[in-house]
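Notes to accompany the following structure.
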Amino acid sequence: MTPANPSPGDEWLGPDSEPEFVISRSAIIMIGIEPYKHNGLLPGRRIYLMHMKTGMPYLRKDERGEVGLLTKQGWDDMTIDGELRVVEPPPLISARLIARMTDWDYRAILGNRDAEGNPAPPVAGEALPLEPGAAKMLAQVLCCDEHGAKSGNLSIRRTLEKHWPGELEEKFGAFDSPPTIRRWRSERGTPGDRRLTDFVRMWGRVPRGGYSDGLIDGIIYKVCLRVKTEPGTIEEIAAEVATLVHEINAGKHPDHEKPTVPYPIPSQSKVYRSWRELENAYTAATMEGAAVMRSEWKGSGRSLKAKHPLQLAMIDHTRLPMSVVIDLDNDIVFNEIWLTVLVDVYSRAVLGWVITAFPPSLWTVAEVIRRANRQKRPPPGMAKKHPILRRLCGRSDIIIVDNGREFRGHGLEDAVAGAGFSIRFAPIKRPTYKAVIERLFRTIKGKLTSRLPGVTIPIARASKREYDARIKACVILEDLEALMNQCMAEYHTEPHEGLLGRQPALVFQKGTGGHIEICHEIDRFMNEIMEVRFNVQVDKAGVTRWGLRYTSPPDDPGAVSDLLDDLVPIEPRRQRRDDASARTKLKFDRMNIGRILVWNGKTRRYVLLVCEYSNYSEGMPLELHKQIRDQAKAEADEFNSEEQWLAERARRIRAIRSIDVTASREQKAELAKLNEIPRIHQLVGNILDLSIEPAEAVTLDDFIHHDVAAIRSIDDEVRAPRKDVASEGSDKPQRIPARDRRRGGQPPRGQSQTEATSPRRSGSSRKTIGEY
């Protein structure tokens, strides 16, 4: 077989032959995901690649369409197309790695002579400091190869005895044993492809560090590893290690004997190096948590890809580190400024943005989607030069959002169903999933907020500089929006690294192909994006919400009546009331509660209702209205608190109950009957609770009385009932004496309550019923 990497001077290479690439014997040829081994050239200038698992050769169609082994041209084409890769596995031994990296030339071994025997200039690195014996080993093997020595020991000995004496013997000395040279010829390279690096002995002759004791190193690593799972410092670790070493040297450690020579105390620098050696992804996850480990140690993964503009978009919020003046007249300064943006994934273009002085909500999400669907107003100079800046807009097919409260509500869900786009939630605690928009926030803050007065800086730095962002703030909200508009125009016309140096506006213009999909019925689109409330009742007076009543607008006085005419017939029968009413959904603008939109399920349209107090509610934000209501409630509580008027109400109810004593007695009786019902008794419990007092010491005098009973008896006036002596033995029915009203309804003397109230039965009744 022809050698794979021929050296200069080989006879089989012609003067017009193409040069060969140097491929090591350990190299792996990767074609796709399949590994192959390079076994050199075969007759016909074909490259023999053998599959490393199946042993089958690699076959491919050549330039003439014939299937066969790979040609040189096919090799070059596959390499250019990326189908073929040469993978050099890293050496496993440090000596071999150093040998590969060293620039050696075997011609220096042969007395500075080239392949034709002519003197050659000196080559750097002739001293061979790493392996001095490698030059002699290579010289013996090359001598046997050049003179055609066979692989037998006798043939090697005769060849060296004939050709070694002379210049080679003077330089290297006597040749080694033929069996050793025979092993070198079989293991170190092939004829025509033997390099000096192959003859470096792998006996670990590499630079070493200082030797250390294994016991002390083990103690250091154990203490460092334990501190990785709990809070601790390097000083504490070094102190604990020093204490353990002192115990071992004194013979007080329970697991280690006293050494004959005391161990040295490790320095803090050595402890710190051991601490750093244990720093990896696993210890980071133990110390900081899995989320920090993924963020700092794991790769961000493959970024989101889109095939064309407006296919994928992202919405996210960020807090701008600055203070802004909201009201110049009243000197109102807000230091909580939020920026919400909607970014196209394909072109990195910002389709919409909004700045607010309150935390993100569904209103900010709806507003940025509305702005993304409308044309822009860039600075006039840039708009004249780049007209595409006006039309960086459109309706995205899929919008990627995080898991915030403003994205999880029913409002956005209803807007998605009505506006005709989809929502995709990003993975939880995976900020790298939306790396596109996170890098945009960093760019905007670097361009704008870091240069404006009133920017927020770290507390430690602000205390040193005596800096107060609220005092330095002089930018009003309108100026900040104008500066943001200029910043966005610059961003769209500057080269973007993620777009191979192209501008986002250019990529958006070419990707759309001159056609942008937007929602032309902008009013209905805006209605769909508004915040929603479900199960809202509409009656003849309109809709009551937030303490305000909404009714028909002046230009359409019959709006509520027409709405009830459409909704009441389709209202479920069980939800109907006596008067005309229905339940539906409404949408509203959180920044203007002066008007609402009520859904007419029959006509599939929204009906506009306005507030009765239009002078107050028109243009009023919902948050400000709630603050006004809270302030009014606070003033009312200060005048008469809830506890006070509840106490007055309870006093009034008790006064009403005390008027009719009979009604109170009957109520208690009914209450007692209800309490005897098992289900009610289970829920309410006992009317009377049993209280068990602790036992006390008593004497027999408390139970056995030694005086007469008349002194202690309390029933001396109670007489036992008895029959009338005159009527005893008579068969005539006894007359029931009438009750004397002077006795308060009590029976006459000598008659019990049971006898007075029980009806008398006739003789026939006794025979039928029987006697008891």
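The values are calculated or read from the model by the stated rules, or taken from the named source; none is laboratory data. Everything quoted here is computed from the prediction, not taken from an experiment. Cβ placement follows ideal geometry from the backbone for every residue including glycine, while neighbour counts extend to all protein chains displayed. Accessible surface is based on the protein model in full, side chains and every heavy atom, while ligands, DNA and RNA are left aside. Shrake-Rupley method; radii C 1.70, N 1.55, O 1.52, S 1.80 Å.
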Count - residues of region 137-156 that are in a helix (DSSP H, G or I), surrounded by fewer than 20 Cβ atoms within 10 Å (Cβ to Cβ) and in contact with a Ser or Thr (Cβ under 9 Å, 6 or more places away or on another chain): 1
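One line per residue, one yes/no per condition, for (1) open to solvent by 80 Å² or more (accessible area, probe 1.4 Å); (2) modelled with pLDDT of 85 or more; (3) touching a strand residue (DSSP E or B) at 6+ places or on another chain (Cβ under 9 Å):
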site: Asp578; (1), (2), (3): yes, no, no
site: Leu586; (1), (2), (3): no, yes, yes
site: Ile593; (1), (2), (3): no, yes, yes
site: Gly601; (1), (2), (3): no, yes, yes
site: Glu612; (1), (2), (3): yes, yes, yes
Residues in region 333-369 that are open to solvent by less than 20 Å² (accessible area, probe 1.4 Å), within 20 Å of Pro321 (Cβ to Cβ) and not aliphatic (A, V, I, L, M) total 3
Quick check, is Gly214 over 23 Å from Gly133 (Cβ atoms), at pLDDT 75 or above and surrounded by fewer than 13 Cβ atoms within 10 Å (Cβ to Cβ)? yes
Give Gly32, Gly55, Gly9, Gly40 a once-over and let me know the one that is on the phi > 0 side of the Ramachandran plot and modelled with pLDDT of 85 or more. Gly32
Determine, yes or no, whether Pro495 is part of a loop (DSSP other than H, G, I, E, B), open to solvent by 50 Å² or more (accessible area, probe 1.4 Å) and modelled with pLDDT of 90 or more. yes
Number of the exception - Lys305 against (1) at pLDDT below 85; (2) open to solvent by less than 90 Å² (accessible area, probe 1.4 Å): (2)
Does region 423-443 contain any residue that is open to solvent by less than 60 Å² (accessible area, probe 1.4 Å), in contact (Cβ under 8 Å) with a residue 24 or more places away in the chain, within 29 Å of the chain's Cα centre (by Cα) and under 30 Å from Arg604 (Cβ atoms)? yes
Mind counting the residues in region 370-389 that are open to solvent by less than 10 Å² (accessible area, probe 1.4 Å) and either over 15 Å from Ala489 (Cβ atoms) or of a type in the set (S, T, N, Q) (or both)? 2
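Kindly evaluate Trp353 against the criterion of being within 20 Å of Arg374 (Cβ to Cβ) and either at pLDDT below 90 or of a type in the set (Asp, Glu) (or both).
When the stated conditions are applied, Trp353 does not pass them.
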Thr432 touching a Ser or Thr at 6+ places or on another chain (Cβ under 7 Å), within 25 Å of Tyr346 (Cβ to Cβ) and modelled with pLDDT of 75 or more: yes
May I ask you to verify whether Pro132 is open to solvent by 50 Å² or more (accessible area, probe 1.4 Å) and modelled with pLDDT under 50? no
Taking region 572-627, which residues are among the β-branched types (Val, Ile, Thr) and in contact with a His (Cβ under 9 Å, 6 or more places away or on another chain)? Ile593
Has region 626-646 got at least one residue that is part of a helix (DSSP H, G or I) and either at pLDDT 90 or above or within 26 Å of Glu528 (Cα to Cα) (or both)? yes
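For (1) over 30 Å from Val345 (Cβ atoms); (2) assigned to a strand (DSSP E or B), each residue gets a yes or a no:
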position: Lys510; (1), (2): no, no
position: Glu517; (1), (2): no, no
position: Asn535; (1), (2): yes, yes
position: Val560; (1), (2): yes, no
position: Leu563; (1), (2): yes, no
position: Val568; (1), (2): yes, no
position: Lys585; (1), (2): yes, yes
position: Arg595; (1), (2): yes, yes
position: Lys602; (1), (2): yes, no
Any hit, region 288-299, residues being under 19 Å from Ile234 (Cα atoms) and part of a helix (DSSP H, G or I): yes
What pairs come up if the first residue lies in region 587-616 and is among the acidic types (Asp, Glu), the second is assigned to a loop (DSSP other than H, G, I, E, B) and surrounded by 14 or more Cβ atoms within 10 Å (Cβ to Cβ), and their beta carbons are under 8 Å apart, counting only those six or more places apart or on different chains? Asp589/Met530
If a residue must be in a helix (DSSP H, G or I) and more than 22 Å from Ala349 (Cα to Cα), how many such residues does region 378-406 contain? 2
Name the pairs: first residue in region 134-150 and within 14 Å of Lys162 (Cα to Cα), second residue acidic (Asp, Glu), Cβ to Cβ under 7 Å, at least 6 apart or on different chains? Gln140/Asp176
